[in-house]
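> First the structure, which I've put down as structure tokens, then a few questions once you've had a look.
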Amino acid sequence: MWNGLAMLFSCGSPTTESDPVTACASAPGWSEADGVLRSWCTGCHASALPISLRQGAPLGVDFDTYAGASHWASRIAVRASQLGDMPPAAGMPDADRQLLADWVACGATGTSASIPSECGAATDVGPLALDAAGAVAWCEAGFGAVDGDLVWTGEGAIDCLCDVAGSLTVESGTLEAPRLTRVGGAVTLTGGFNAANLAEVASLAVGPGGLVETLQLSSLATVEGDLLVRSGPERLDLPRLTEVGGDFVVEGVDGLVAIDGLDGLIHVGGSLRWEGLPAVDVLPGLRALTFVGGDVVWMELGAPYWPTLGSLQAMDGSLVLSGGEATMLTVGPLLGWVGGDVVIEHLPSLADVDALGALTAVGGGVQIASLPSLETVAMFAVLATAGSLVVEDVDPITGIVLPLTDLSGGLTLHGNDGLLDLDGLSQLGHVGGDVVVTDNTALPEAEIEVWLAGVAVDGVVVRAGNGL
Ligand code: HEC
């Protein structure tokens, strides 16, 4: 009776104290949930609404169909009930919030033509440990689903496997599972894995010690928790991935050449951290990404072009672009607000930056440091406020043009040998911390003097080693 998608939020999972079977017997169905969503949510979250009419609701986060609402079910419960911060305006009755929470807790049931068909085969209670020979016997016995965990070793296939309710571990060899559509628990790979129909998993971890050459999961749409790649693949190809509920981490994979096909990725609930990938040459654009719950950190990446983050309008975490071979950055054209820090540093080949042109406010610090090859900079065109600002060892720039009016923390300009004047910082009226202007060898002290006369500085002013 449960279809594949609904099982993620299966009623059998102990989310309530009371007996779930009795509690869910009278649970609201899709028609009730649909009614509430239409009253309170689809004014902003509907697939027909263009971005200009969505009042900031991310593209793709739509609840006007069962497929859309069930895809976002866990987040609907979190935002409407647990946090209660959706809809943004007050007025939604508690009873309606509870109705959505109950609908989700009891499986987010409903019907839709686009939902994959049920598994259908007999269920083994598990746990199971299989290899190629064991798999043939298991399929011949009529099984197709496992209610518990499954551990695989060796080369081979489980042709009949369609659903794993627990975790799936590939310990060695390579598992082919052509009919598998869902893993209710964690997928852990220290071997190869081909599952062209796998649409959803609770979490996915590759390595340590993983042997996967190409990890291609061409139907994987949802990773409820974390997606962690810590060793293994040369290519990571996830063309249909739309949602990672937790962190999306790819780190320390020396042989990774390409991360492909994340054109449909809309939502990362945690941080997006790609770090220590010296051989990577191809990175995706991430044009559809509209929500990142944590930080975006790209460090020590070998590729010349880095993702654009084309749809992201706001993020609470930090944006850190540090170390690696980037030659040009065109990041965050729509990003207006960053709650944490913005750091762009240690990029020796970076020649051209056309980034963050819509950014108006940064909650933390802005740090631009060690960019020795910079030729053109077009960024921060409308940045009005930030916690602090550091510009350090950016030799090629002759001026810093920033419409900043206020810094709640300090300002540091250090070791910028090309810097000639501070005219571009003339709108800055207040610095909450210290002002440190040191070792900018071409910047005349007289110039600094004139500029300082127009700025209210709460902290101390430190000047040394500048030009005459
Ligand atoms: C007035 C417009 C508006 C209405 C109405 C509205 N939202 Fe939103 N929603 C937004 C905006 C803006 C964002 C992006 C900012 C954010 O995530 O807080 C968003 C984002 C979301 C997200 C995606 C982020 C995440 O947490 O995964 C979910 C889910 C969501 N809303 C659920 C709801 C639900 C459920 C309702 C109805 C009960 C609702 N929204 C009603 C404007 C709206």
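> Could you look through the stretch 89-104, keep only residues that are touching a residue at least 12 places away in the same chain (Cβ under 8 Å) and more than 17 Å from Gly68 (Cα to Cα), and pick out the one that is farthest from the ligand (Cβ to nearest atom)? So that I can check it myself, show each step before the final result.
Filtering the stretch 89-104 for residues touching a residue at least 12 places away in the same chain (Cβ under 8 Å) gives 92, 96-104.
Okay, now just the ones that are also more than 17 Å from Gly68 (Cα to Cα), so 92, 96-99, 102.
On the way: Met92: 6, Asp96: 8, Arg97: 7, Gln98: 12, Leu99: 10, Asp102: 14 Å.
Top of the filtered list is Asp102.
> Scan the stretch 361-398 for residues that are touching a Gly at 6+ places or on another chain (Cβ under 6 Å) and either buried (at least 16 other Cβ atoms within 10 Å of the Cβ) or under 20 Å from Pro304 (Cα atoms) (or both) and jot them down.
Looking only at the stretch 361-398, we keep the residues that are touching a Gly at 6+ places or on another chain (Cβ under 6 Å), and these are 363-365, 381, 387-388, 392-393, 395-398.
Residues satisfying the conditions are Gly363, Gly364, Gly365, Gly387, Ser388, Glu392, Asp393, Asp395, Pro396, Ile397.
> Filter the stretch 262-279 down to residues that are more than 17 Å from Leu204 (Cα to Cα) and out of contact with any Phe, Trp or Tyr (no Cβ under 8 Å at 6 or more places or on another chain) and give me whichever is surrounded by the most Cβ atoms within 10 Å (Cβ to Cβ).
Going residue by residue through the stretch 262-279, those that are more than 17 Å from Leu204 (Cα to Cα) are 263-264, 266, 275-279.
Those still in the list that are out of contact with any Phe, Trp or Tyr (no Cβ under 8 Å at 6 or more places or on another chain) too: 263-264, 276-279.
Details: Asp263: 16, Gly264: 16, Gly276: 18, Leu277: 26, Pro278: 16, Ala279: 14.
The qualifying residue surrounded by the most Cβ atoms within 10 Å (Cβ to Cβ) is Leu277.
> Please go through (1) surrounded by fewer than 22 Cβ atoms within 10 Å (Cβ to Cβ); (2) of a type in the set (Gly, Ala, Ser); (3) assigned to a loop (DSSP other than H, G, I, E, B) for Gly232 and return the number of the only condition it doesn't satisfy.
(1)
> Any idea how many residues of the stretch 48-68 are near the ligand (Cβ under 9 Å from one of its atoms) and small (Gly, Ala, Ser)?
From the stretch 48-68, those near the ligand (Cβ under 9 Å from one of its atoms) are 54-58, 61, 63; that's our starting set.
This time we only want the ones that are small (Gly, Ala, Ser), so: 56-57.
Of the residues in that region, 2 qualify.
> Check Ala358 against each of (1) closer than 19 Å to Thr412 by Cβ; (2) under 25 Å from the mean Cα position of the chain (by Cα) and name the one condition it does not meet.
The single condition Ala358 does not satisfy is (1).
> Within the stretch 314-321, can one find any residue that is within 16 Å of the ligand (Cβ to nearest atom), of a type in the set (A, V, I, L, M) and under 28 Å from Gly225 (Cβ atoms)? Show your work before the answer.
From the stretch 314-321, those within 16 Å of the ligand (Cβ to nearest atom) are 314-317; that's our starting set.
With the extra rule that they be of a type in the set (A, V, I, L, M), the set shrinks to 314-315.
Okay, now just the ones that are also under 28 Å from Gly225 (Cβ atoms), so 314-315.
Checked against the condition, which is being within 16 Å of the ligand (Cβ to nearest atom), of a type in the set (A, V, I, L, M) and under 28 Å from Gly225 (Cβ atoms), the stretch 314-321 yields at least one hit.
> Is it true that Leu175 is in contact with a Lys or Arg (Cβ under 9 Å, 6 or more places away or on another chain) and hydrophobic (A, V, I, L, M, F, W, C)?
Values: in contact with a Lys or Arg (Cβ under 9 Å, 6 or more places away or on another chain): no; hydrophobic (A, V, I, L, M, F, W, C): yes.
No; evaluated as a whole, the condition is false for this residue.
> Among residues belonging to the stretch 440-460 that are of a type outside the set (A, V, I, L, M) and touching a Leu at 6+ places or on another chain (Cβ under 9 Å), point out the one that is surrounded by the most Cβ atoms within 10 Å (Cβ to Cβ).
Initially, the stretch 440-460 is screened for residues of a type outside the set (A, V, I, L, M), giving 440-441, 444-445, 447, 449, 451, 454, 458-459.
If we keep only those that are touching a Leu at 6+ places or on another chain (Cβ under 9 Å) too, we end up with 440-441, 444-445, 447, 451, 454.
On the way: Asn440: 25, Thr441: 14, Pro444: 14, Glu445: 13, Glu447: 19, Trp451: 18, Gly454: 12.
Filtering the stretch 440-460 for residues that are of a type outside the set (A, V, I, L, M) and touching a Leu at 6+ places or on another chain (Cβ under 9 Å), the one surrounded by the most Cβ atoms within 10 Å (Cβ to Cβ) comes out as Asn440.
> If you don't mind, another one. Can you tell me which residues in the stretch 84-133 are under 22 Å from Trp30 (Cα atoms) and either at pLDDT below 80 or among the hydroxyl-bearing types (Ser, Thr, Tyr) (or both)?
Thr109, Gly110, Thr111, Ser112, Ala113, Ser114, Ile115, Pro116, Ser117, Glu118, Cys119
Rundown of residues vs (1) within 19 Å of Leu289 (Cβ to Cβ); (2) in the same structural domain as Ile76 (by TED's automatic domain parsing); (3) among the aliphatic types (A, V, I, L, M); (4) in a loop (DSSP other than H, G, I, E, B), yes/no style:
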| position | (1), (2), (3), (4) |
| --- | --- |
| Ser203 | no, no, no, no |
| Gly246 | yes, no, no, yes |
| Val249 | yes, no, yes, no |
| Asp254 | no, no, no, yes |
| Trp274 | yes, no, no, no |
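> Further question on the same structure: Give the residues of the stretch 166-180 that are buried (at least 23 other Cβ atoms within 10 Å of the Cβ) and in contact with an Asp or Glu (Cβ under 8 Å, 6 or more places away or on another chain), sorted by residue number. Break it down into steps so the answer makes sense when it comes.
Within the stretch 166-180, the subset buried (at least 23 other Cβ atoms within 10 Å of the Cβ) is 168, 170, 175, 177, 180.
Scanning the stretch 166-180 gives Leu168, Leu180.
> How many of the residues making up the stretch 298-333 are over 25 Å from Glu375 (Cβ atoms) and either among the small types (Gly, Ala, Ser) or surrounded by fewer than 20 Cβ atoms within 10 Å (Cβ to Cβ) (or both)?
Here is the first cut: in the stretch 298-333, the ones over 25 Å from Glu375 (Cβ atoms) are 311-318.
Right, trim to either among the small types (Gly, Ala, Ser) or surrounded by fewer than 20 Cβ atoms within 10 Å (Cβ to Cβ) (or both) and you get 311, 313-314, 316-318.
The qualifying residues number 6.
> Looking at Ala69, Ala129, Ala89, which one is surrounded by fewer than 16 Cβ atoms within 10 Å (Cβ to Cβ) and out of contact with any strand residue (DSSP E or B) (no Cβ under 7 Å at 6 or more places or on another chain)?
Working: Ala69 fails: surrounded by fewer than 16 Cβ atoms within 10 Å (Cβ to Cβ); Ala129 fails: out of contact with any strand residue (DSSP E or B) (no Cβ under 7 Å at 6 or more places or on another chain).
Residue meeting the stated conditions: Ala89.
> Let me ask something else about it. What's the total number of residues in the stretch 283-310 that are in contact with a Ser or Thr (Cβ under 8 Å, 6 or more places away or on another chain) and in a strand (DSSP E or B)? Break it down into steps so the answer makes sense when it comes.
Taking the stretch 283-310 and keeping what is in contact with a Ser or Thr (Cβ under 8 Å, 6 or more places away or on another chain), we get 285-290, 292-300, 304-305, 308.
Subset that is in a strand (DSSP E or B): 292, 296-300, 305.
Residues meeting the conditions: 7.
> Now for a separate question. When you look at Ala196, is it surrounded by fewer than 22 Cβ atoms within 10 Å (Cβ to Cβ), among the hydrophobic types (A, V, I, L, M, F, W, C) and in a loop (DSSP other than H, G, I, E, B), yes or no?
yes
The values are calculated or read from the model by the stated rules, or taken from the named source; none is laboratory data. A quick note: this is a predicted structure, and the numbers were derived from the prediction, not measured. Reconstructed Cβ throughout: ideal geometry from the backbone, glycine too, with neighbour counts over all protein chains shown.
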